[in-house]
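K.L.:
What follows is a structure written as structure tokens; I'll ask about it next.
Readers should treat all values here as calculations from the given coordinates under stated rules, not as data from a laboratory. Model, not experiment: these values are computed from the prediction. Cβ placement follows ideal geometry from the backbone for every residue including glycine, while neighbour counts extend to all protein chains displayed.
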Amino acid sequence: MAAAPVIAGTAAAQAMHAAHAVPALLALLVALFLQIGVNYANDYSDGVRGTDDDRVGPLRLTASGAATPRQVKLAAFSCFGLAAVAGVALVALSQQWWLGVVGVLAIAAAWGYTGGKKPYGYMGLGDVFVFIFFGLVATLGTTVTQAGRLNLDSWVLAVATGLFACALLMANNIRDIPGDEVAGKRTMAVRLGDSRARLTFTGEMFVGMVLPLLLVPHNPWVLLVYAMSPLAVGAAITVLRSTDRRELIPVLKQCGFINLGVTVLYAVAVLVFQYVG
């Protein structure tokens, strides 16, 4: 999930003939370390709260005892620190100093998802923050640090990648509804209820796939992204029809692959349009 918005943002910058490798690499490092840090932070916070005691998905370090809570927490903050270092370098290189404030907010949001006294992930706001930071901020920030401005491409891809990231989170939370209800974790999926959460996942996938059509009048090669349609339809069918929550586990990887595939194919479309016509 971390690479997709960076690829999208860089390709959108290239659509303005303004892509640059070094800022793109720094943006990728920021996104990657934040993503890893969030995973460690969630592992730690959910583990110490007992949320992962009855878990359907893959093993968690804290809950399983594979690592101590202190070790997992240290890993999370180490990743946040590395993200901050890469972020400072990116801000200094691009001279977009206001992004420093955004970076601080991103790190705070990464920890606050399940950490602290009132984690917003336990109040059903996780999807909102994922859309903002792993969709809008990551994509638009990548574009502006390279091109210095935004275009329609960057906005369309920012919303699409944000929706795909939300779909991944929704599938994950649908899988965990029974355990989260017992633990008092009121995710968006818990608040919506099983059936409406599954419909929401389908809607997020559908809108995310439809949005690139807005770019086709400017670049018909954008239609390449629809090579990912069969996988998106398959994921939606699985979520709508599955009765065993373990069947949702592969959907998480599919969502990540769809997000990555759409952004890579969009980048290919930009290059083909510019160099082939």
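K.L.:
Treating the angle as unsigned and between 0 and 90°, give the value, to the nearest 10°, between the Cα long axis of helix 138-147 and the longest Cα principal axis of the chain.
P.N.:
Rounded to the nearest ten degrees, it is 30.
K.L.:
Could you list 180, 244 so that the one with the fewest beta carbons within 10 Å of its beta carbon is first and the one with the most is last? Don't jump to the answer; show the numbers that get you there.
P.N.:
On the way: 180 21, 244 9.
Listing 180, 244 from fewest to most nearby Cβ atoms yields 244, 180.
K.L.:
Additional query: For the range 1-91, calculate the relative contact order in percent as a whole number, restricting contacts to Cα pairs under 8 Å that are 6 or more residues apart.
P.N.:
Values: 90 pairs, mean separation 31.3, N = 91.
Rounded, it is 34 percent for the range 1-91.
K.L.:
I've got another one for you. Roughly how tilted is helix 229-241, in degrees to the nearest 10 and between 0 and 90, from the longest Cα axis of the chain?
P.N.:
Taking the Cα atoms of the chain, the angle to 229-241 is about 20 degrees.
K.L.:
Turning to a different aspect of this structure: Sort the following peptides by mean Cβ neighbour count (other Cβ atoms within 10 Å, averaged over residues), highest first: 248-259, 215-226.
P.N.:
On the way: 248-259: 20.2, 215-226: 17.1.
Averaged packing, sorted descending, gives the order 248-259, 215-226.
K.L.:
For a distance above 25 Å, tell me the whole-number percent of Cα pairs in the chain that qualify. Walk me through the intermediate numbers first.
P.N.:
On the way: 17564 of 38226 pairs.
Value for the chain: 46 percent of Cα pairs lie more than 25 Å apart.
K.L.:
Could you name the lysines in cross-link range of residue 253, using Cα to Cα under 22 Å and dropping any fewer than eight places away on the same chain?
P.N.:
none
K.L.:
Would you list, by chain and number, the lysines whose Cα falls below 23 Å from the Cα of residue 117, excluding same-chain residues fewer than 8 positions away?
P.N.:
Leaving aside lysines fewer than 8 places away in the same chain, those within reach of residue 117 are 73, 185.
K.L.:
Rounded to the nearest 10 degrees, what's the angle between the helix 99-112 long axis and the longest principal axis of the chain, both from Cα atoms, 0 to 90?
P.N.:
20 degrees
K.L.:
Determine Rg/Rh for the range 1-157; Rg is computed over alpha-carbon atoms and Rh is the Kirkwood hydrodynamic estimate from the same atoms.
P.N.:
Working: Rg = 16.5 Å, Rh = 16.1 Å.
Taking Rh as the inverse mean 1/r over Cα pairs, Rg/Rh reads 1.02.
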